[in-house]
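Asker: Handing you a structure now.
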Amino acid sequence: MSVSELLKESYVIGLEEGLSDDTRNTVALMAIYNIHKYLNSQPHTSATRYAIVIDESHRVIRSKTIVSLSRECRAYGVSLVLSSQNPSDFPLEVSSSLSTKIIHGNGTDRKNIQAIKGLLNLPASTDETLAQLQKFEAYVSNAHYPPVIIDTFTFPLSQILMAVRASDSGVSLDQLKNTEGLWPEQCEFLANELCKRNMIKFDDGLYVAN
């Protein structure tokens, strides 16, 4: 498949666990390198035409290709999303090109807190706030707005909410544990999180929509 054909549809390039790290890194870099070369052959545009989402981006984020792509992507109408669990993975030459940053709590590790502060340009007074960020809470920084803490609404929460709203009579916890795309052991926590937000309620053994 040519790169032009690849970009006509939505695809996920999955690098399976059975592959070695070197192989996965190489395949990821090859894909990004070829996409970048193709984009360089295209005219500039002000419209968003493509989105490239790279999970576990620590595998490729220090490559020259990613540095160039992060600088040039907007000219080719590309929305670039880089995701990693470690805030120190992002070098300045890449992070400075990212317009929006969404960073969840990373525990109380001082090194991680300092890395987050550097990415968001936060003052020293935010150390304690960063250390106490709860699940679903995140700092968001955008080129047009100062950093602010938000309460995120993520994929697993939306799955539980849709399952509850789809039933007129309510849904039991056992039924929720069969929700597509979720681990059964996380469903009760997610349902209780929605209860805290007053989006659903637990009534007589069933979860019902508010």
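The values are calculated or read from the model by the stated rules, or taken from the named source; none is laboratory data. Being a predicted model, the structure only gives us computed values, none of them experimental. Virtual Cβ from ideal backbone geometry, glycine too; neighbours counted across all protein chains shown. Areas reflect the complete protein model, heavy atoms only, side chains present, ligands, DNA and RNA absent. Shrake-Rupley method; radii C 1.70, N 1.55, O 1.52, S 1.80 Å.
Asker: For residues that are among the aromatic types (Phe, Trp, Tyr) and over 21 Å from the mean Cα position of the chain (by Cα), scanning just the range 173-207, find the one that is surrounded by the fewest Cβ atoms within 10 Å (Cβ to Cβ).
Answerer: Taking the candidates together, the pick is Phe202.
Asker: Could you list all residues from the range 1-44 that are more than 19 Å from Leu80 (Cβ to Cβ), open to solvent by 70 Å² or more (accessible area, probe 1.4 Å) and either in contact with a strand residue (DSSP E or B) (Cβ under 8 Å, 6 or more places away or on another chain) or in a helix (DSSP H, G or I) (or both)?
Answerer: Across the range 1-44, the qualifying residues are Glu5, Asp21, Asp22, Thr26.
Asker: Now for a different question. Within the set of pairs 6+ apart or on separate chains, which have a first residue in the range 11-35 that is within 16 Å of Ser63 (Cα to Cα), a second that is exposed (fewer than 14 other Cβ atoms within 10 Å of the Cβ) and among the β-branched types (Val, Ile, Thr), and C-beta atoms under 6 Å apart?
Answerer: Going by the 6 Å Cβ cut-off, the qualifying pairs are Ala31/Ile13.
Asker: Taking the condition of a type outside the set (A, V, I, L, M, F, W, C) and at pLDDT below 90, does Lys135 pass?
Answerer: yes
Asker: Does Gln114 satisfy the condition of being of a type in the set (S, T, N, Q) and in contact with a helix residue (DSSP H, G or I) (Cβ under 8 Å, 6 or more places away or on another chain)?
Answerer: no
Asker: Something else: Looking only at the range 18-63, filter to residues that are among the hydroxyl-bearing types (Ser, Thr, Tyr) and within 21 Å of the chain's Cα centre (by Cα); which one of those is nearest to Ser88 (Cα to Cα)?
Answerer: Residues of the range 18-63 among the hydroxyl-bearing types (Ser, Thr, Tyr): 20, 23, 26, 33, 38, 41, 45-46, 48, 50, 57, 63.
Of the ones still in play, those that are also within 21 Å of the chain's Cα centre (by Cα) are 48, 50, 57, 63.
Numbers: Thr48: 29, Tyr50: 27, Ser57: 12, Ser63: 15 Å.
It comes out as Ser57.
Asker: Which of the residues that make up the range 120-152 are over 23 Å from Leu92 (Cα atoms) and aliphatic (A, V, I, L, M)?
Answerer: Leu133, Ile150 - these are the residues of the range 120-152 that are over 23 Å from Leu92 (Cα atoms) and aliphatic (A, V, I, L, M).
Asker: Regarding Lys201, is this residue free of Cβ contacts under 8 Å to residues at least 12 places away in the same chain and either acidic (Asp, Glu) or in contact with a Pro (Cβ under 7 Å, 6 or more places away or on another chain) (or both)?
Answerer: Considered against the rule, which asks whether it is free of Cβ contacts under 8 Å to residues at least 12 places away in the same chain and either acidic (Asp, Glu) or in contact with a Pro (Cβ under 7 Å, 6 or more places away or on another chain) (or both), Lys201 comes out as no.
Asker: As an exercise: evaluate Ser125 against (1) at pLDDT below 95; (2) open to solvent by 30 Å² or more (accessible area, probe 1.4 Å); (3) within 30 Å of Tyr38 (Cα to Cα) and give the number of the one condition it does not meet.
Answerer: (3)
Asker: Can you go through Leu173, Leu194, Leu206 and tell me which one is closer than 28 Å to Val81 by Cα and modelled with pLDDT of 90 or more?
Answerer: Unique residue meeting the criteria: Leu194.
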